[in-house]
């Protein structure tokens, strides 16, 4: 198997996986969506009763939304994740009580009138856990409303809940295999003009495939070609795979972790089969 990187940014990856099959690529897709862990807010505590500001003015501890809706919105805020620094809370030596090895604490203290954003979450401890996407709107507070919240983030996977889903929009398609019979081609530009992705081009008085990686197998070129010299098919041994992240982990971290998880599972399966043969 060979992997070529077409695009790799902190939040997006597009790869060409060669010498493979759809089953393996789909296994990778399912793994990075369901099994790559990340940090997410799982517990939110709301202060009850009046909230006083520095001048002694009392605010009502309430917002236009139910507490459950606010907690759900906070749980979907991307929390920076360092997989080398944290372990699952259920496996931590603190016996699930919560400690710096398995949890990150946040506080939120806002008084209206204002709009509460994700950037208003203040990490209790290191600033490296401050939310990077700080302009996600949470709720709008009126004049006499205020929020005092303490939230706890912990490690989990998308298999447990979507708030722990590290990869988004993961999908794949076959690499385009485009064949042109140049001996019968009339070198018309209809196929070039109709292609929505700029796959075909005219060079040296003939039609060539310039960007096969952009082909979506729409067959627009074959439908418009009067001479029928173009054949388009997908190559199941060469697949374009892409996904995005919410920013909790980089696309590179998600990919590497997903591949490691798959490798460990295959190794476990190999050992189990070996025991059966014995």
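Going by what's in this entry, would residue 151 be described as modelled with pLDDT of 95 or more, surrounded by 13 or more Cβ atoms within 10 Å (Cβ to Cβ) and farther than 26 Å from residue 16 by Cβ?
Details: modelled with pLDDT of 95 or more: yes; surrounded by 13 or more Cβ atoms within 10 Å (Cβ to Cβ): yes; farther than 26 Å from residue 16 by Cβ: yes.
Yes.
Of all residues in region 99-126, those that are without any contact (Cβ under 8 Å) to a residue 12 or more places away in the chain have Cβ atoms under 9 Å from Cβ atoms of residues that are surrounded by 18 or more Cβ atoms within 10 Å (Cβ to Cβ) and outside any strand (DSSP E or B), 6 or more apart or on another chain, in 99/89; 99/92.
Anything in region 63-82 that is within 19 Å of the chain's Cα centre (by Cα) and part of a helix (DSSP H, G or I)? List them, or say none.
Residues of region 63-82 within 19 Å of the chain's Cα centre (by Cα): 72-82.
Passing the criteria: 72, 73, 74, 75.
Checked against the criterion of being touching a residue at least 60 places away in the same chain (Cβ under 8 Å) and surrounded by fewer than 18 Cβ atoms within 10 Å (Cβ to Cβ), the candidates 156, 169, 198 yield just one match: 169. Restricted to region 105-148, and to residues there that are over 24 Å from the mean Cα position of the chain (by Cα) and not in a strand (DSSP E or B), the residue that is modelled with the lowest pLDDT is 125.
For region 166-175, state whether one or more residues are assigned to a loop (DSSP other than H, G, I, E, B), under 30 Å from residue 135 (Cα atoms) and in contact with a helix residue (DSSP H, G or I) (Cβ under 6 Å, 6 or more places away or on another chain). Talk me through it step by step, then tell me what you get.
Initial filter on region 166-175 (assigned to a loop (DSSP other than H, G, I, E, B)): 166.
Restricting the remaining residues to those that are under 30 Å from residue 135 (Cα atoms) gives 166.
After this cut, where a residue has to be in contact with a helix residue (DSSP H, G or I) (Cβ under 6 Å, 6 or more places away or on another chain) as well, the list is 166.
Yes, the conditions are met somewhere in region 166-175.
When residue 84 is tested against (1) in contact (Cβ under 8 Å) with a residue 24 or more places away in the chain; (2) closer than 24 Å to residue 243 by Cα, only condition (1) is not met. Screening residue 246 against (1) out of contact with any helix residue (DSSP H, G or I) (no Cβ under 8 Å at 6 or more places or on another chain); (2) farther than 28 Å from residue 165 by Cα leaves a single unmet condition, (2). In summary, residue 90 fulfils each of the numbered conditions (1) under 25 Å from the mean Cα position of the chain (by Cα); (2) in a strand (DSSP E or B); (3) modelled with pLDDT under 95 with the single exception of condition (2).
For residue 220, indicate whether it is closer than 30 Å to residue 156 by Cα and surrounded by 11 or more Cβ atoms within 10 Å (Cβ to Cβ). For residue 220, the condition - closer than 30 Å to residue 156 by Cα and surrounded by 11 or more Cβ atoms within 10 Å (Cβ to Cβ) - is not met. Might you check whether a residue that is out of contact with any strand residue (DSSP E or B) (no Cβ under 6 Å at 6 or more places or on another chain), touching a residue at least 40 places away in the same chain (Cβ under 8 Å), surrounded by 12 or more Cβ atoms within 10 Å (Cβ to Cβ) and under 29 Å from residue 34 (Cα atoms) occurs anywhere in region 203-213? Within region 203-213, one or more residues are out of contact with any strand residue (DSSP E or B) (no Cβ under 6 Å at 6 or more places or on another chain), touching a residue at least 40 places away in the same chain (Cβ under 8 Å), surrounded by 12 or more Cβ atoms within 10 Å (Cβ to Cβ) and under 29 Å from residue 34 (Cα atoms). Among the residues of region 6-45, those identified as in the same structural domain as residue 109 (by TED's automatic domain parsing) and surrounded by fewer than 16 Cβ atoms within 10 Å (Cβ to Cβ) are 43, 45.
Here's the yes/no breakdown for (1) over 20 Å from residue 164 (Cα atoms); (2) assigned to a helix (DSSP H, G or I):
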residue	(1), (2)
5	yes, no
14	yes, no
23	yes, yes
29	no, yes
45	no, no
48	yes, no
61	yes, no
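Residues being in the same structural domain as residue 19 (by TED's automatic domain parsing), closer than 20 Å to residue 236 by Cα, surrounded by 14 or more Cβ atoms within 10 Å (Cβ to Cβ) and under 31 Å from the mean Cα position of the chain (by Cα) are entirely absent from region 180-195. The combined condition, being without any contact (Cβ under 8 Å) to a residue 24 or more places away in the chain, outside any loop (DSSP other than H, G, I, E, B) and farther than 30 Å from residue 13 by Cα, is not fulfilled by residue 264.
The values are calculated or read from the model by the stated rules, or taken from the named source; none is laboratory data. Fair warning: this is a prediction, and the values are worked out from it, not measured in the lab. Here the Cβ is made from the backbone with ideal geometry for all residues, glycine too, and neighbour counts use every protein chain on show.
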